[in-house]
Every structure is written in C-alpha cells, then in structure tokens.
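Readers should treat all values here as calculations from the given coordinates under stated rules, not as data from a laboratory. Bear in mind the structure is a predicted one, so any value in this text is a computation, not a measurement. So basically every Cβ, Gly included, is an ideal-geometry build from the backbone, and we count neighbours across all protein chains shown.
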Amino acid sequence: MYLPGKSHLNVGYRLYFILMGDTFIGIDYGRKRIGFAFGIKSIGIVTPIKNEMSTGVLDKDIDLVLYLAKERNVDGIVVGIPKRYMNYSKEDVDTSLHPAKIFLDKLISSTSMSVYSIDESLTTKQAETRLWELGVKASRRKKSLDAQSACLILERFFDEYGN
C-alpha cells in the first residue's frame, strides 16, 4: 500500500495504519549512499542500522532493502522522497525524477510488503545538525549521516501517522 502523504490519507487509511504492524525500516535513498534505520511505532523508538553504498543498480539496491526487511522481520518500509515528487504517479516517472521516487516505485512493484513514503525535506541538514550537537567528529558525521537521515524519516512518519 502506497500512502503519498498525510493530506491524502482518508479515515480508512488512518484506521489501516492504526491496525497495521509496529516495526518499520526507514530508508534515505540516494545515488551514492543508502541510509537505513529501524523503528518501533508503538514505543516511538528509532535507531540507525547502517549506511551502504548504492550499487547503481536498482534491483540490487532493492534486494538489499528486502533482505534487511526480512532479517529484521519488519511490517513495513518507509522511503523518504522530496515533497515535490510525492504526488507523481508511476506513469509520470521519467529520468528527470528524483532517484528516491524511481526507487520507491520499483520497490512497491517488487514486494507484497507495505511500502510508504514520507517527505524527506531537510532531513540531511537536520541529521547533520543532530550529529554536530551530539559532538560527533566531522569525519564520523559523514559516515553516519544517511542512517541518521533515515532515522528522521521514520520519526517523521511516526509523528504524522502514529497513534
């Protein structure tokens, strides 16, 4: 099930969200790197899993996501995409669209698992600030930035669609 954004959720989708599972993987997808986070909706806990280099091949990146989802036994996958791409349909996809939107559409068609999207605007900047405030050295910040962005994507998803 693809939920493009809160403004598009009707009562039925909200009820579905309340009744659905509790564990999720959040993804910050980019051309170079992919950040992963794990979260439990009922208690509002989100933690970074890891960063991976993007293979440059969508099918391989999707296989990695599905492997992590199976390994963590999650109920859903949340992909962050820029807000301006949230309302494009699969038919509108062309090479000019954001790679995360293309990835999201391919992921949806590759699994029966619930896949959601949420606006990722400014998550990288916020993750950078969060890591700086925690005193993480610049060299380590870059290594964990995408996983922290994935955490913010999941936190935003829980805030907008949680109980």
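Details
- Label-to-label distance, nm, for residues given as Tyr67 and Thr55 (7 Å Cα→Cβ offset): 0.8
- Computed from the C-beta positions of Thr111 and Lys143 and an R0 of 30 Å, the FRET efficiency is 0.60 to the nearest 0.05.
- Among the listed pairs Lys32/Lys60; Lys32/Lys125; Lys41/Lys70; Lys70/Lys142, a Cα-Cα separation exceeding 21 Å is found for Lys70/Lys142.
- Ranking of Leu66, Leu134, Leu107 by count of other Cβ atoms within 10 Å, fewest first: Leu134, Leu66, Leu107
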